[in-house]
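Written out below as structure tokens is the structure these notes cover.
The values are calculated or read from the model by the stated rules, or taken from the named source; none is laboratory data. On a predicted model such as this, the values are computed, not experimentally measured, just so you know. All Cβ positions, glycine included, derive from the backbone under ideal geometry; neighbour counts span all protein chains shown.
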Amino acid sequence: MGRPHPTIDIPGRHPDVAGLLDTVAVDPFGALDELRRGCRGGAAAAGHLCVTNWVADPAAGSVLLVRHDRLGWATCGGHVERGEPLAVAAARELHEETGLVAGVTARRWPAPLFVHRTGQAGTGDRHVHWNVAFAWTARVGTPLAAEAGRPAAWFPMSALPPDGPDDLAAGVAALSAVVGATDGGSNRPGPVG
């Protein structure tokens, strides 16, 4: 479908991705079943598999966003390359767009957070990005190294910028519920290195 690197097309047969999707417990956007079906070769909107990174500092009540030309303030992420595990793609995109390093300056939750889909600019719903979202924790004071022309900044979860994607507030609410759920002896798994 025309990217500089070989992408994972949906629908298609991607049993490893379908298996990972079986670990997603939250479905705030109602997209999980369609992507799961599409990864097993069934009917799903045509598009590419992508990852998004939802990074929070729970102590500060803040979320890390990146300024995109078309999306406004959004989470960092991008296409998954063929043969690349989703968690590796998420860590790669996180580092490329914010400078945070998995296991060093950011910690990832073990299972994907949720699935959301976005249309690609100019194509309506004929081609979508199937986004597998990952939850991360990091500290607000950690130095950031954003891509040129795409600044990264922390925002209070309670005061998100108005120029973001439509799914930003619901995604941040899901992120907040997950990262907050590890406090007080919850039996939910915590972040991994």
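Residues in segment 91-98: is at least one assigned to a strand (DSSP E or B), within 24 Å of A173 (Cα to Cα) and either modelled with pLDDT under 95 or not charged (D, E, K, R) (or both)? No, segment 91-98 contains no residue that is assigned to a strand (DSSP E or B), within 24 Å of A173 (Cα to Cα) and either modelled with pLDDT under 95 or not charged (D, E, K, R) (or both). Look at segment 55-74: where a residue is farther than 23 Å from T118 by Cα and in contact (Cβ under 8 Å) with a residue 12 or more places away in the chain and a partner is in a strand (DSSP E or B) and among the hydroxyl-bearing types (S, T, Y), sitting 6+ places away or on another chain with Cβ atoms under 8 Å, you get D57/T137; P58/T137. What about V24, is it part of a strand (DSSP E or B), under 23 Å from P165 (Cα atoms) and of a type in the set (A, V, I, L, M)? It is false that V24 is part of a strand (DSSP E or B), under 23 Å from P165 (Cα atoms) and of a type in the set (A, V, I, L, M). Take F155 and decide whether it is surrounded by fewer than 19 Cβ atoms within 10 Å (Cβ to Cβ), among the aromatic types (F, W, Y) and modelled with pLDDT of 95 or more. Yes, satisfied.
Of note, R150 satisfies the criterion of being at pLDDT 90 or above, under 25 Å from G99 (Cβ atoms), touching a helix residue (DSSP H, G or I) at 6+ places or on another chain (Cβ under 8 Å) and surrounded by fewer than 16 Cβ atoms within 10 Å (Cβ to Cβ).
Number of residues in segment 1-34 that are surrounded by fewer than 12 Cβ atoms within 10 Å (Cβ to Cβ), at pLDDT 95 or above and either under 14 Å from the mean Cα position of the chain (by Cα) or more than 18 Å from P85 (Cα to Cα) (or both): the value is 1.
One residue stands out among those in segment 37-94 that are under 19 Å from G12 (Cα atoms) and among the charged types (D, E, K, R): the one that is surrounded by the fewest Cβ atoms within 10 Å (Cβ to Cβ), which is R82. Selection of segment 35-59 for residues being part of a helix (DSSP H, G or I) and within 17 Å of the chain's Cα centre (by Cα) yields L35, R36.
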